[in-house]
Amino acid sequence: MTQRPRDSLLTSAMNVTQEFEPLYRAARALDWRGGSSPAALITITRTRGSTFRRAGASMLVMRTGTLVCELSGGCPQRDIVLRAQRAMEQGQPALVGYGRESNFDVMLETGCGGELEVLIEPWQQPDDLLFLDAIAQLRERRQSGAMASVFASNGDALSGRPQRLVQGEQTLWSNIGQPALGERVLAELAVSTIDGGAAVARPVESSGRHYDILLESLRPPLALVVIGDGADAAALTRLSRQLGWHTTVVSQREPRQALDGAHQLTASPRSLSGQVRLDSMTAVVVMTHRLEHDLAYLGELLDTPVPYLGCIGSRQRAEQIRAALPRPDPRLRAPAGLDVGSETPEEIALAIAAEILATRNGRSGGSLVHSQVSIHP
């Protein structure tokens, strides 16, 4: 029994998708010499009420005390780090609750008012990272998937390490040793709604034992295609890379400058779709500063499934573009960007990136003070 999560522009668990890369790089650079645990993975397994992060968010605590992908700067994090260091010394995982039943004083100091549970997982050997390799494979292929982590049995953290299953169009990797438990996990993945939402913890029973499993959706990072080679295109490219987005810069001539971390190519409007993957997890911003070039690229992009099409320019120019296109398209944002009074290339980049983020998360892009929906998507 398999589950095939549909494509979406929504975020994933296992941290928001842009946090996976720094965590994975740090994990792969660990020094396993010395005979003791070099790091511990912290994963929020459950939340209730208002908390600083949602279920599925992860942080890596190094033996040296260095933190990767911090969960928060408050007291729970400091307490979690101390417990992680203890777990590394003992070589045993721990399940810790913060709420009315335990450690309530720590949560009171944050002012959040919510409750949460975290899994502290000390890594003992390189094989503990194999599930990350499986996730990295999915991301490299730009495929969606899901992960199930069996993290507790009869209320206690699973001894040794969690048992996990990483799934794409089929099971990609698993270290669940009991076939019956593996079947129960697959069945739960097939019926649980985790597509694009927060991770969810579910109880399952297998062979007379009660288990807790954490189900998480896995998404490749948002891809941004910037068409243009001006200062504003360079600023948007730099910001996109800082956000962890997979970034491609397209021009009709050889690039004038190298942009660190971005893929650069030369492509005409007609050849664009053959050179760049334009899927439902890709946003495109056209900023050539030439009306005829903008129209040529936009005309080709109308037949792709990209959910965001941006084009910079004045309102008058935007009306010209809409009038010249063969049909209206609700995906077209022209002028691109939120109304924040942007002027410089960096400010324009910020306004456009914020609009892309709002579109991805199904938000209006207004002020939080006037919003009644949850702050986190």
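The values are calculated or read from the model by the stated rules, or taken from the named source; none is laboratory data. Because the structure is a prediction, the values reported are computed rather than measured. Backbone-built Cβ (ideal geometry, glycine too); neighbour counts: all protein chains shown. Accessible surface areas use protein heavy atoms only, side chains included; no ligands, DNA or RNA. Shrake-Rupley method; radii C 1.70, N 1.55, O 1.52, S 1.80 Å.
So in the range 20-52, with the set limited to residues that are under 21 Å from Ala201 (Cα atoms) and charged (D, E, K, R), which one is modelled with the lowest pLDDT?
Within the range 20-52, the match that is modelled with the lowest pLDDT is Arg48.
Taking the condition of being surrounded by fewer than 22 Cβ atoms within 10 Å (Cβ to Cβ), of a type outside the set (D, E, K, R) and in a helix (DSSP H, G or I), how many residues in the range 224-239 meet it?
Residues that pass the stated criteria total 4.
Just the residues that are surrounded by 18 or more Cβ atoms within 10 Å (Cβ to Cβ) and either at pLDDT 95 or above or in a strand (DSSP E or B) (or both), please, taken from the range 143-157.
Gly145, Ala146, Met147, Ala148, Ser149, Val150, Phe151, Ala152, Ala157
How many residues, within the range 246-275, are farther than 22 Å from Ala353 by Cα and assigned to a strand (DSSP E or B)?
So the answer is 1.
Of the numbered conditions (1) surrounded by 18 or more Cβ atoms within 10 Å (Cβ to Cβ); (2) in contact with a strand residue (DSSP E or B) (Cβ under 6 Å, 6 or more places away or on another chain); (3) free of Cβ contacts under 8 Å to residues at least 24 places away in the same chain, Gly182 satisfies every one except a single condition; which is it?
(2)
Name the residues in the range 158-192 that are part of a strand (DSSP E or B), in contact with a Phe, Trp or Tyr (Cβ under 8 Å, 6 or more places away or on another chain) and of a type in the set (A, V, I, L, M), would you?
Leu165, Val166
Applying the selection to the range 101-135, what residues are part of a helix (DSSP H, G or I), modelled with pLDDT under 95 and either within 21 Å of the chain's Cα centre (by Cα) or hydroxyl-bearing (Ser, Thr, Tyr) (or both)?
Residue satisfying the conditions is Thr110 alone.
Counting only residues that are among the small types (Gly, Ala, Ser) and not in a strand (DSSP E or B), which one in the range 203-223 is least open to solvent (accessible area, probe 1.4 Å)?
Gly208
Within the range 170-178, can one find any residue that is within 22 Å of the chain's Cα centre (by Cα) and closer than 30 Å to Gly49 by Cα?
Looking for residues that are within 22 Å of the chain's Cα centre (by Cα) and closer than 30 Å to Gly49 by Cα, one finds none in the range 170-178, hence no.
Taking the range 54-65 as the region of interest, how many residues are touching a residue at least 40 places away in the same chain (Cβ under 8 Å) and open to solvent by 40 Å² or more (accessible area, probe 1.4 Å)?
1
With (1) touching a helix residue (DSSP H, G or I) at 6+ places or on another chain (Cβ under 6 Å); (2) more than 30 Å from Ala190 (Cα to Cα); (3) modelled with pLDDT under 80 as the list, and Gly73 as the residue in question, which single condition is left unmet?
Here Gly73 meets the rest and fails (1).
Scan the range 248-281 residue by residue and report those that are touching a Pro at 6+ places or on another chain (Cβ under 8 Å) and of a type in the set (Ser, Thr, Tyr).
Result: Thr266, Ser280.
In the range 240-255, what residues are open to solvent by less than 40 Å² (accessible area, probe 1.4 Å), among the hydrophobic types (A, V, I, L, M, F, W, C) and either more than 22 Å from the chain's Cα centre (by Cα) or within 29 Å of Gly56 (Cβ to Cβ) (or both)?
Selection gives Trp245, Val250.
What pairs come out if I take residues in the range 26-39 that are at positive phi and loosely packed, with under 10 Cβ neighbours inside 10 Å and pair them with residues that are part of a loop (DSSP other than H, G, I, E, B) and of a type in the set (Lys, Arg) whose C-beta lies under 9 Å away, six or more apart or interchain?
Qualifying pairs under 9 Å: Gly34/Arg63.
Output the number of the condition that Val61 fails; it satisfies all remaining conditions of (1) modelled with pLDDT under 95; (2) more than 29 Å from Thr359 (Cα to Cα).
Among (1) modelled with pLDDT under 95; (2) more than 29 Å from Thr359 (Cα to Cα), Val61 violates only (1).
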